[in-house]
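A.B. asks: Please read through the structure below; I'll follow up with questions.
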Amino acid sequence: MATYNAFTQEWLDAWKQKIAESQEYKEIAKDWEGSVALICNADPPKNVPKPVYLFTDYWHGDVRDFLVCDGAKTQTGNFIMTGDYARWKQIAKKELDATKALMQGKLKLKGDLTYVVRNVKTVNKVIDLLTEVNTVWPDDV
Amino acid sequence: MQNGYSGKFLQVDLTDGVCSDFTIKEERLKKFIGGSSLAASLYLERFDLHANPLSAENPLMLMNGPMVGSGFPGSSRFAMAAKSPQTGIWGEAACGGNFGPELKRAGYDGVVITGKSPRPVILSINNNQAEISSAADCWGTDIYETTDLLKAADKNIKVMAIGQAGENLVKFSSIGNDKAHYIGRTGLGAVMGSKNLKAITARGNQAPGKVNEEKYKKTFKAAISEIKDSAFAESLHLMGSDAIMDLGMMNGDVPIKNWSIGEDFELSSKLSGPTLTETYLTKAHACSNCPVACKRVVAVKDGPYQTEEGPGPEYETCCSFGTMIMNSDLAAVIKANELCNRYGMDTISAGATIAVAMDLYEKGIISAGAADHLDLAWGNMETVIVLLGKIARREGFGDILANGSISAATHFGANALDYVAHVKGLDLPMHDPRGYHGMGLAYMMSNRGACHLQHAAMGMEQGMVSWPQLFEMKEDYDGKTSQGKAQMVFDSENYGILGNSLSLCHYVLYCLKPETVRDAFNAITGYNFAFKDLLECGARDWTLKRGINNLLGITVKDDVLPKKILTALREGAGADSVPNMKLLRDEYYTIRGLTPGGMVRQEKLLELGLPELKEKLYK
């Protein structure tokens, strides 16, 4: 089974494919509109020397752009989620629930929280599908 | 006084119509702090524990904590306590709003009411003076009407009132503060009604002082910053407590059809916080000095369930009059909430009792004739609206339900009690222990019966909070595991109970760092409490109330979950999972210092500085 280095375009593409192939996701996310930018803060000791900027776009059960980008692009996201590397890794490995991370202040959300709460199943499904991507994390290398 | 306390308490004897002041030594305040903890200590010392809850001998206590009136976020809470007519054991409830701070400004840290007035009266407290006057104009009116009548003379007074349910001694009747905030649980409205006390009003202008103003300002600033930074606070502000409905449905927290179904996303989507916000919300409302403003103000302008603009339902009510009875019409929930507010009834127990009735009707245990020919089909809100009035007035079938779910089930016989979800006589709040086993233990061990607010188990187990500076805890608990939950519940009680004794809102407690809470408490009182001192106060509170309940006959036989919860669900996140009651209880008893029979051990009572309780329990 293929493995991917976290935060690379190939890794994002693999994640995007998992989502696109999921019939369950299509059904759950049929009402979702909007892009989600993910910002991972730099953590040099963990081999993340500078911030990572990712842009993911979802539309009524389909997936659109999934890009490694720059900071400016993330600011165009309908939702912007920011967190430390260790937290993102925990979330991607399902060691920490994303909603709990948000409530505990370990992830910061910029955007319409009401919309996220209403669509929490969609958010969780997207993360569930990320766990299916075989990922090599920077500090595991 | 300059240490958060007013320095005196009011004693009211309604039989003789006499009011007098009394004081409590600082040593005792340091041990019990305030709120329901201080009330329990007075109850044990001064009153006959075996008095009938609705007799003149049962005291009704209203207690502030030292932070009340300080202006600190979430510090508007106050507690009321008495022996509960609903459960027959220690009863207490707390609410926010503005009565607590006003009572403090009127010069009092608390009020202890005894006796029974020969006729309906109002107790008015105004700047160190208390007066008892006739309630002839108010008796028989609902809480909204009473509040309006009393405020007509002075709109600035704060009102605590009962409605028709309290007057008629409905076992789950509540007490309303300025229409919007309720002492809901354990039926304390009936205790007030049994004393012929229709309302208490407060008015004052003496701001309580703080020992260290500079330190207080610093912690206040930190608290505001932490609340602004909190996604939990933001969700409460935007959607109220019902913000958790969608998430709860996903995680197996939401009870459906009297605890018999595990998942129904269509139902929750129609009743959730986002839906309420988008449909009937007119504005958010805040308790005194609270920047979170989680309270909903709503209006239903069209259709059969129209309401005037007024207090909206909390999450618990959206379940008890929504998912629990298979009603997806949010307007009808709002109407039921308004009626409970007006009559003065706890929305959790009112909804839960009706859910039991619907269940028994479906099973043929309640016949149409027995139900006054009301159609008790699931989701029939026309019946619910009629029934709420009949309960409050104790008419026909309503009179049977007015005695609570256990009494009603006992009345109808067969295996009806199997359909009641309660612990120690208190109907379960709207969080399913099959999705969260720790909550199951917290229900089992809560001193007022099944409760979600005598601890912080929900915040910890559902991952809303992270307090590693207080005790070892996980960031992400597995809800469907019983192993290791005893320690979590123990810790969550010792800290969560403080919300009730400090008189600090649990939601705000969840948003703040524990050091901010500790520092604010110390700045106001001038004490120098460390975390361990605060947690010890929490442990003392729990143990004191447990000891009182032991004296009232509570033992291991009462620390049990109901059959409904010990029956696995077939669907949803809580499917095929029931709390391991024995494991949870055995581990908890060891940690808490209880004997296998559920009694507080003598050495634990001495360790926590409760020698008087030891004398009474082990004489």
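The values are calculated or read from the model by the stated rules, or taken from the named source; none is laboratory data. Here the structure is a predicted model, which means the values were calculated and not measured. Cβ placement follows ideal geometry from the backbone for every residue including glycine, while neighbour counts extend to all protein chains displayed.
A.B. asks: Go through region A:109-133 and give me each residue that's in a helix (DSSP H, G or I), free of Cβ contacts under 8 Å to residues at least 40 places away in the same chain and either more than 11 Å from chain B (Cβ to nearest Cβ) or among the aliphatic types (A, V, I, L, M) (or both).
C.D. replies: A:LEU113, A:VAL116, A:VAL117, A:VAL120, A:VAL123, A:ILE127, A:ASP128
A.B. asks: Inside region B:524-553, can you point out the residues that are touching a helix residue (DSSP H, G or I) at 6+ places or on another chain (Cβ under 8 Å) and either among the aromatic types (Phe, Trp, Tyr) or without any contact (Cβ under 8 Å) to a residue 60 or more places away in the chain (or both)?
C.D. replies: Hits for region B:524-553 are B:TYR527, B:ASN528, B:PHE529, B:ALA530, B:PHE531, B:LEU534, B:GLY538, B:TRP542.
A.B. asks: Another one. I'm trying to understand the selection: among the residues of region B:6-32, which are part of a loop (DSSP other than H, G, I, E, B), at pLDDT 95 or above and under 16 Å from B:TYR108 (Cβ atoms)?
C.D. replies: Residues satisfying the conditions are B:LYS8, B:THR23, B:ILE24.
A.B. asks: If B:PRO66 meets every condition in (1) closer than 23 Å to B:VAL159 by Cβ; (2) out of contact with any strand residue (DSSP E or B) (no Cβ under 8 Å at 6 or more places or on another chain) apart from one, which number is that one?
C.D. replies: (1)
A.B. asks: Based on what the data block shows, is A:ASP84 within 23 Å of A:LYS50 (Cα to Cα), more than 8 Å from chain B (Cβ to nearest Cβ) and over 14 Å from the mean Cα position of the chain (by Cα)?
C.D. replies: It is false that A:ASP84 is within 23 Å of A:LYS50 (Cα to Cα), more than 8 Å from chain B (Cβ to nearest Cβ) and over 14 Å from the mean Cα position of the chain (by Cα).
A.B. asks: Here is a list: A:LYS26, A:LYS50. Which entry is among the basic types (Lys, Arg) and either crowded, with 19+ Cβ neighbours inside 10 Å or touching a residue at least 24 places away in the same chain (Cβ under 8 Å) (or both)?
C.D. replies: Answer to the check: A:LYS26.
A.B. asks: Somewhere in region B:280-296, is a residue touching a Gly at 6+ places or on another chain (Cβ under 9 Å), within 14 Å of chain A (Cβ to nearest Cβ), of a type outside the set (A, V, I, L, M) and in contact (Cβ under 8 Å) with a residue 60 or more places away in the chain?
C.D. replies: Within region B:280-296, one or more residues are touching a Gly at 6+ places or on another chain (Cβ under 9 Å), within 14 Å of chain A (Cβ to nearest Cβ), of a type outside the set (A, V, I, L, M) and in contact (Cβ under 8 Å) with a residue 60 or more places away in the chain.
A.B. asks: Among residues belonging to region B:223-244 that are under 16 Å from B:THR279 (Cα atoms) and among the aliphatic types (A, V, I, L, M), point out the one that is surrounded by the most Cβ atoms within 10 Å (Cβ to Cβ).
C.D. replies: Ranking the qualifying residues of region B:223-244, first place goes to B:MET239.
A.B. asks: Follow-up. Considering B:ASP476, B:ASP427, B:ASP418, B:ASP432, which residue is surrounded by fewer than 23 Cβ atoms within 10 Å (Cβ to Cβ) and either closer than 20 Å to B:MET245 by Cβ or not assigned by TED's automatic domain parsing to the domain that holds B:ASP576 (or both)?
C.D. replies: The match here is B:ASP418.
A.B. asks: Let me ask something additional. So, B:GLY413, is that one over 20 Å from B:ILE565 (Cβ atoms) and modelled with pLDDT under 95 or not?
C.D. replies: Yes: the conditions hold for B:GLY413.
A.B. asks: For residues that are among the small types (Gly, Ala, Ser) and assigned to a helix (DSSP H, G or I), scanning just region B:241-258, find the one that is farthest from B:GLU314 (Cα to Cα).
C.D. replies: The residue in question is B:GLY248.
A.B. asks: Now for a different question. Filter the helices (runs of 4 or more DSSP H) completely within region B:378-472 down to those with at least 3 residues that are more than 14 Å from chain A (Cβ to nearest Cβ).
C.D. replies: In region B:378-472, the matching helices (runs of 4 or more DSSP H) lie at B:381-393, B:397-401, B:405-412, B:437-445.
A.B. asks: Next question, about the same structure. What is the residue count in region B:358-408 for residues that are small (Gly, Ala, Ser), surrounded by 15 or more Cβ atoms within 10 Å (Cβ to Cβ) and farther than 22 Å from B:SER174 by Cα?
C.D. replies: 3
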